[in-house]
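The values are calculated or read from the model by the stated rules, or taken from the named source; none is laboratory data. Bear in mind the structure is a predicted one, so any value in this text is a computation, not a measurement. Here the Cβ positions follow ideal geometry from the backbone for every residue, glycine too, while neighbour counts run over all protein chains shown. Ligands, DNA and RNA are stripped out before the accessible areas are found, and what is left, the full protein with its side chains, is counted by its heavy atoms. Shrake-Rupley method; radii C 1.70, N 1.55, O 1.52, S 1.80 Å.
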Amino acid sequence: MNEFDAIPDHGLGWLEASGEFADIVLSTRVRIARNLQGHAFGVRARVNDREAVLRHFRSSVERSDSLRGGRLLEMPNVSDRTRRILHERRLVTRDLLGEEGSAPLNGTAVHFSAREPVSVMVNEEDHLRVQSLVSGLRLREAWRIVDRLDDDLGRELPFAYHHDFGFLTSCPTNVGTGMRASVFMHLPGLVLTKEIARALRGLGELGLTFRGLYGEGSEVVGNFFQVSNQVTLGRSEEDLVDGLDRAVRMVIQKELEARQRLLREARGVTEDRIWRAYGTLRYARSLGFEELMAFLSGVRLGMSLQLLPGLRVYSLNKIMIFTQPAHLEQAAGRDLAPEESDAHRASYVRRVLATEGDVSAADDPSHGENAPEKP
Amino acid sequence: MICEKCGATGAVVHLTQIVDNQISTYHLCERCAAEKGLESAPTAADFPLMDVIAQMAEASPPDTSVTGSECAFCGLTWRDFRKTGRLGCPHCWETFGGEITRLLRRIHGAARHAGKVYLPPDPSASEMEKRLDGLRLRLERAVQSEDFERAAELRDQIRSLEPA
């Protein structure tokens, strides 16, 4: 049985590259943290707290219009590989997987809505984490989806709420709105022109922060950055979402300018790097994941600059997800040793590039330095 | 990847430079990068919550009536909180209220919620009124920011809650 069949788009709708600026902004995520009255949370939650929270949540699902008909996966009941796939698809956090080498905690679960790209993690650091993950830059839309589900849940469940502090959370950095909105961006132009540090400092001054691919504590890989609001208290959700939206649009503008500067001042080397990255991905027989991400960044830049016509954002997004270890194991139908994993990864990338991206139109020596228009 | 300069330690700084139309990339360990006068490349900017908590303790004497107490519901002490940066239950927020308020001002620059007003199941009349006030405020903001789809939704919500 495949647990993913009951999840809309298998939880991969955000790969479709449909939102605004989808080549630069891979995805938008909005999440809120909610806790129930009368139960300890996070590190203080005992097994009976967690089980009671899951029970309450389960019964609210039956009564809520927006949750009924969805799919609830209890983490201890799904296979280790499925759990890792959920994590690699960014549908559950590392926390929900449990301690390295041991089973996830009883009561931890994730629920997927049947109709909208929204899920609820149960018994993470907070009792409930509602998140919406969508493609491209769509902050308001993602917030609205989460907001509606929050209203539905709040009608059924007694949330821990304080008239001064707002929604109470385990960590004081989340209290108030409990909302963290984040935008996952590809910023090679700013990195190559060394303007990235300044851009990130600017974000800091606006009360925003940045992280790597998998959220808190993870490193920046392949020029991918996750920009999110730092402040959760003292401002309304709409205000925070709109503030982030404005800042992200500013960063996109700077990124586009940086890319033009690269073409103007270093076209030869930029093109060479892009084609080398493409060539490596197209023909390599072994690829580590970080190495892949670095080359993928070059190819993605080439596609955005229309130097590699024929490639689609969707194909590149897909490569990022399906070349992670648990996904490769799922495809192979068995566990893979790291070096085997690297070979499977390279083979997957070759296949996608061979079938989904014909760049031959640009690969004509007689074209010299000028890239042809996208057909 | 090993540092290109010393060849001993793992490279953590990956520098890409464009000089005279030439792009070159260096992979260096933290120490060699520092010797070259390079700032460490941006990795994850973790929120320095623990630093803030530590600074607070140094900056001004904490309220001992708060820091000496223990949450009656979950048993968390202020010392536990200082170790993990995590509270244990909704009651902790009341128990450590004074110190928490100081901490919130440092983290968020504010200590008062300005977002959604929550309406519990089976609300009292005053809770209902607070919720309506909150929704009206959000409606006003939605109209101001020309988010009309949102405004329409909020208007419907207000209508459904208003006494007939």
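Values as computed for the structure displayed
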{"item": "Cα long-axis angle, helix A:139-156 against chain A (0 to 90 degrees, to the nearest 10)", "result": "20"}
{"item": "Calculated FRET efficiency for the pair B:CYS6/A:ARG63, C-beta based, R₀ 51 Å, to 0.05", "result": "0.20"}
{"item": "Residue mean of other protein chain beta carbons inside 10 Å, A:229-237", "result": "6"}
{"item": "Accessible area buried, both sides summed, chains B and A with 1.4 Å probe, Å²", "result": "5200"}
{"item": "Solvent exposure of the protein assembly as shown as accessible area per residue, Å², 1.4 Å probe", "result": "44"}
{"item": "Largest-first ordering by accessible area, 1.4 Å probe, given options A:THR28, B:THR95, B:THR84", "result": "B:THR84, B:THR95, A:THR28"}
{"item": "Estimated 222 nm signal from helices in chain A, with DSSP H stretches of n ≥ 4 weighted -39500 (n - 2.57), rounded to 500", "result": "-14000 deg cm²/dmol"}
{"item": "Reduction of at least 30 Å² in accessible surface, 1.4 Å probe, comparing all protein chains with the chain by itself, residues of the stretch B:114-135", "result": "B:ALA114, B:LYS116, B:TYR118, B:PRO121"}
{"item": "Inverse of mean 1/r across different Cα pairs in the stretch A:228-326, Kirkwood, Å", "result": "15.9"}
{"item": "Nearest-ten-degree value, helix A:289-304 long axis tilted from longest Cα axis of chain A", "result": "70"}
{"item": "Pairs of lysine residues in the protein assembly as shown - Cα separation under 25 Å, sequence separation of 8 or more or cross-chain", "result": "7"}
{"item": "Taking the convex hull of Cα positions in chain A, its mean projected area over all directions (nm²)", "result": "18.8"}
{"item": "Ordering of A:172-180, B:99-107 by packing [mean C-beta count within 10 Å, highest first]", "result": "A:172-180, B:99-107"}
{"item": "Cα long-axis angle, helix A:338-356 against chain A (0 to 90 degrees, to the nearest 10)", "result": "70"}
{"item": "A:ARG264 versus A:GLU74: modelled label distance in nm, points set 7 Å from Cα along the beta carbon direction", "result": "6.2"}
{"item": "Shielding score for B:90-96, defined as the mean number of other chain Cβ atoms within 10 Å", "result": "5"}
{"item": "Peptides A:345-354, A:262-271 ordered by average Cβ neighbours within 10 Å, highest first", "result": "A:345-354, A:262-271"}
{"item": "Spatial separation of Cα centroids for the stretch B:63-110 and the stretch A:181-201, in angstrom", "result": "36"}
{"item": "Cβ neighbours within 10 Å from other chains - mean over A:60-67", "result": "0"}
{"item": "For the stretch A:98-160, alpha-carbon Rg over 2.2 N^0.38 Å", "result": "1.28"}
{"item": "Inter-part distance where the stretch A:88-102 and the stretch A:120-156 are each reduced to a Cα centre, Å", "result": "19"}
{"item": "Fraction of accessible area attributable to carbon and sulfur, chain A (%, probe 1.4 Å)", "result": "48"}
{"item": "Ordering of A:121-129, B:121-129 by packing [mean C-beta count within 10 Å, highest first]", "result": "A:121-129, B:121-129"}
